């Protein structure tokens, strides 16, 4: 049976508990010993360089480890330090990030590198508040960087650790609500050791990633199962409280590949568009209820969007993909330019050969269309 600590909260059956020192000591000892044997050999764990830790933590936000690994290695090979990242053009940074998603992370990473160069003499800041003040850095990321790189006694809380701590404490309320977050941050700080803080924080996340899984947790392999309130109560499949299901909205769009003299037209997505800062073929929403033909919607839409007069050709392919709460059906059409005067390069529009598109950061579907055109 799990050892139940003495410090209770108002409603322990729902809100969990705050552990006593004996429980905390057993947790730290068991988790650190387990991590020493089972930690994955990940590229960002081979150094405590705060720059590398920071890059990895930004990349790992809402992204699986297996997806991040090759991106991380390519990124730090191209930009081995904060100064090289700060000096890079944004389109080069975005091209290396292409396919990783959530591109705002890349732009904020770039902006933060420039801030470090300008304000901290190219040296990654040591102070927690200074790290927290960097663009794109929240409490979790600042805590992760400072604990892993500097062994500062700073807690972390992300998807894996939320699940682990919710189960260990038997927290049955919403872990993402304000009360849940307040409690779990308090718990995450309370259980920290005095040293090896970074390794302990990583051990908690590793446990959630490898053993304390969202579905069918492998409790028989857990090094701290005897400390787990959810397991003791047979609630490991019900804790934490599941997220509300996302309601998806179906969207119909079209991308138009406008060609002229062996080149195609691309445009840079604006700040309020889905892939802000990336390049894409002219893309338009399709309204099937307004009585206007799709051909007219596309020719008028491309004119408004780019200033180009086109003759629409046939459909090339259809792509289906999801972005946040949208399920998108994207029909791709070919078209030819009919007014040569509009074939001018601008800051947000380019005419490029298919070969040249390899060097341009495209949206995910933009790259798929590019690959389709290459055959």
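Laid out as a table, the results:
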item: Residues being under 17 Å from the mean Cα position of the chain (by Cα), without any contact (Cβ under 8 Å) to a residue 24 or more places away in the chain and closer than 24 Å to residue 132 by Cβ - total across the stretch 41-92; result: 3
item: Of all residues in the stretch 255-265 being over 26 Å from the mean Cα position of the chain (by Cα) and within 14 Å of residue 365 (Cα to Cα), the one that is surrounded by the most Cβ atoms within 10 Å (Cβ to Cβ); result: 256
item: Exclusive hit being surrounded by 15 or more Cβ atoms within 10 Å (Cβ to Cβ), out of contact with any strand residue (DSSP E or B) (no Cβ under 8 Å at 6 or more places or on another chain), over 30 Å from residue 348 (Cβ atoms) and at pLDDT below 95, set 12, 57; result: 12
item: Matching residues in the stretch 182-196 - criterion: being part of a loop (DSSP other than H, G, I, E, B) and more than 16 Å from residue 158 (Cβ to Cβ); result: 193, 194, 195, 196
item: Residue count for the stretch 341-373, restricted to those that are in contact with a helix residue (DSSP H, G or I) (Cβ under 9 Å, 6 or more places away or on another chain), surrounded by fewer than 17 Cβ atoms within 10 Å (Cβ to Cβ) and without any contact (Cβ under 8 Å) to a residue 60 or more places away in the chain; result: 2
item: Residue 217, sole failed condition from (1) surrounded by fewer than 16 Cβ atoms within 10 Å (Cβ to Cβ); (2) in a loop (DSSP other than H, G, I, E, B); result: (1)
item: Looking only at the stretch 133-161, and only at residues there that are under 16 Å from residue 192 (Cβ atoms) and out of contact with any helix residue (DSSP H, G or I) (no Cβ under 6 Å at 6 or more places or on another chain), the one that is surrounded by the fewest Cβ atoms within 10 Å (Cβ to Cβ); result: 139
item: Residues that are in contact (Cβ under 8 Å) with a residue 24 or more places away in the chain, part of a strand (DSSP E or B), touching a strand residue (DSSP E or B) at 6+ places or on another chain (Cβ under 8 Å) and within 20 Å of residue 364 (Cβ to Cβ), drawn from the stretch 295-324; result: 316, 317, 319, 321, 322
item: Number of positions in the stretch 18-37 that are part of a helix (DSSP H, G or I) and surrounded by 13 or more Cβ atoms within 10 Å (Cβ to Cβ); result: 12
item: Residues located in the stretch 56-87, provided they are touching a helix residue (DSSP H, G or I) at 6+ places or on another chain (Cβ under 7 Å) and outside any helix (DSSP H, G or I); result: 61, 79, 81
item: Residue in the stretch 332-340 that is in contact with a strand residue (DSSP E or B) (Cβ under 6 Å, 6 or more places away or on another chain), outside any strand (DSSP E or B), buried (at least 17 other Cβ atoms within 10 Å of the Cβ) and outside the structural domain of residue 91 (by TED's automatic domain parsing) present; result: no
item: Unmet requirement for residue 271, which otherwise passes all of (1) surrounded by fewer than 13 Cβ atoms within 10 Å (Cβ to Cβ); (2) free of Cβ contacts under 8 Å to residues at least 40 places away in the same chain; (3) farther than 26 Å from residue 102 by Cα; result: (3)
item: Enumeration of residues in the stretch 142-163 that are closer than 14 Å to residue 176 by Cα, free of Cβ contacts under 8 Å to residues at least 60 places away in the same chain and in a helix (DSSP H, G or I); result: 159, 160, 161
item: Residue that is nearest to residue 253 (Cα to Cα), among those in the stretch 279-294 that are assigned to a loop (DSSP other than H, G, I, E, B) and out of contact with any strand residue (DSSP E or B) (no Cβ under 6 Å at 6 or more places or on another chain); result: 287
item: Failed criterion for residue 37 (all others in (1) more than 23 Å from residue 269 (Cβ to Cβ); (2) in contact (Cβ under 8 Å) with a residue 40 or more places away in the chain hold); result: (2)
item: Whichever residue in the stretch 88-99 is out of contact with any strand residue (DSSP E or B) (no Cβ under 7 Å at 6 or more places or on another chain) and not in a helix (DSSP H, G or I) and, among such residues, is nearest to residue 49 (Cα to Cα); result: 88
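Yes/no matrix, rows are residues, columns are (1) under 20 Å from residue 65 (Cβ atoms); (2) buried (at least 20 other Cβ atoms within 10 Å of the Cβ); (3) in contact with a strand residue (DSSP E or B) (Cβ under 8 Å, 6 or more places away or on another chain):
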site	(1), (2), (3)
164	yes, yes, no
169	no, yes, yes
177	no, no, no
190	no, no, yes
197	no, yes, no
222	yes, yes, no
234	no, no, no
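The values are calculated or read from the model by the stated rules, or taken from the named source; none is laboratory data. Because the structure is a prediction, the values reported are computed rather than measured. Positions of Cβ are generated from backbone atoms using ideal geometry, with glycine treated the same way; all protein chains shown enter the neighbour counts.
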